1. Of the residues that sit in segment 336-354 and are at pLDDT 95 or above and either within 22 Å of ALA289 (Cα to Cα) or among the aliphatic types (A, V, I, L, M) (or both), which one is surrounded by the fewest Cβ atoms within 10 Å (Cβ to Cβ)?
2. With the checklist (1) closer than 22 Å to VAL158 by Cα; (2) assigned by TED's automatic domain parsing to the domain that holds ILE282 in hand, flag the one item ALA272 doesn't pass.
3. Scan segment 14-37 and give yes if some residue there is of a type in the set (A, V, I, L, M, F, W, C) and under 27 Å from the mean Cα position of the chain (by Cα), otherwise no.
4. Do we have any residue at all in segment 139-150 that's closer than 30 Å to LYS244 by Cα and buried (at least 16 other Cβ atoms within 10 Å of the Cβ)?
5. What's the total number of residues in segment 246-260 that are free of Cβ contacts under 8 Å to residues at least 60 places away in the same chain and exposed (fewer than 14 other Cβ atoms within 10 Å of the Cβ)?
6. So if I check each of VAL201, VAL197, which one is of a type in the set (A, V, I, L, M, F, W, C), closer than 18 Å to HIS144 by Cα and touching an Asp or Glu at 6+ places or on another chain (Cβ under 8 Å)?
7. Within segment 290-307, which residues are of a type in the set (A, V, I, L, M, F, W, C) and exposed (fewer than 14 other Cβ atoms within 10 Å of the Cβ)?
8. Any idea which residue in segment 178-196 is surrounded by the fewest Cβ atoms within 10 Å (Cβ to Cβ), counting only those that are among the charged types (D, E, K, R) and in a helix (DSSP H, G or I)?
Amino acid sequence: MAEPLKNIFNVLAVRRIATLIETPYPAFDADNFVDDASRGLNILELLPRAKHIARALRTYLPQDIPQALDVIVRSLPTPPHVEENHEFSPFLYMPFNIYVAENGLEHFDDAMLANLELTQRFTSEFSIRPFLVHHQDRTLQLLHTWATHPNHHVRRLVSEGTRPRLPWASRLPVFQKNPKLVLELLEKLKDDEVLYVRRSVANNLNDIGKDNPDVLFATATSWLNGADENRTWVVNHALRSSIKRGEMEAFKVLGFDTVAVVDVQNMVIDPALGKIGSTVCISFSVINAKPSTQHLLVDIAVYFVKANGSTSPKIFKLSRVTLAAGESRHFKKTISLKQHTTRTHYPGEHRVEVLVNGRVLGARGFAISSYSQH
């Protein structure tokens, strides 16, 4: 079993932080910091551990906040060439980010310099949000400058930190109400050379669409005009939640605005009685029943049973296909029935729907009983 992520913050990590700080700040009381920051750490989860260490930093760093922020910046090693799937070691800097967010609001320039440096080692997407709330104009002005920064982690901060619905973070109601402020930044980043940044742009636009679907559709339509492969990917990724919600305007933007004239045949679910911990395989064929070529978006919706006996659909993306008149395509999808942190399975009847261009054109069910013996 993989080591829990929270265990990144242990006594060794606290000592590593102390070593970093001692270099620019020889007066740092490293021994007492390590004792205080480590005390009770093992009973806490990931974020509370980082906050616990940040509180200790507040005690042992200089009480003058600008001086403390300067110590943090000078303690940071040269940023590595960190890519999207980096290892978890950069989490070491999370307590620094928390310190900046909790103590730097009255010292904007020093705090934003710290955010700029920290985001090149970990990410400042959370620690920048209090500044967007309390110093909106100054922060947005700075982000417009950072949108052209040579470091792609800084450019990614511009889009990720302004997400109206950033996961595990407080929302930004002003941007939910007026996404124009964010869109001006995304326009600068939509064609970024780095996928890591473009994915963040798509996620931000996806967030915007949950509160302002018309803005999402208008922006997506505009961006598709003359789009290359990379920008087309951004638009598709930004529309994914809208597609899952079955919003027909999203299908229209992607060119799937017509009612599909198809036959869904040979739909099989094997086994018809599944067990928690095993898998089920869903297969079917889609046949173009129109005397002309059709562009089709084929997905399936599985209505999983919840703890209270009701059901809730999860959309599984399958494929985009172009079928000539009379042409068919076979689809097959294996669904895991293992217990996941994001999905818990319960016994009961599960409905499966075949969605073609957002509309239900075939359905069948399967049941889940007890746990698999394997």
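The values are calculated or read from the model by the stated rules, or taken from the named source; none is laboratory data. Quick caveat, the model's predicted, so the values are computed rather than measured. No Cβ is skipped: glycine too gets one built from the backbone with ideal geometry, and neighbour counts run over all protein chains shown.
1. Ranking the qualifying residues of segment 336-354, first place goes to GLU353.
2. Against the list (1) closer than 22 Å to VAL158 by Cα; (2) assigned by TED's automatic domain parsing to the domain that holds ILE282, ALA272 comes up short only on (1).
3. No - not one qualifying residue is present in segment 14-37.
4. No, segment 139-150 contains no residue that is closer than 30 Å to LYS244 by Cα and buried (at least 16 other Cβ atoms within 10 Å of the Cβ).
5. Residues meeting the conditions: 1.
6. Working: VAL197 fails: touching an Asp or Glu at 6+ places or on another chain (Cβ under 8 Å).
Answer to the check: VAL201.
7. ALA307
8. Ranking the candidates gives LYS180 first.
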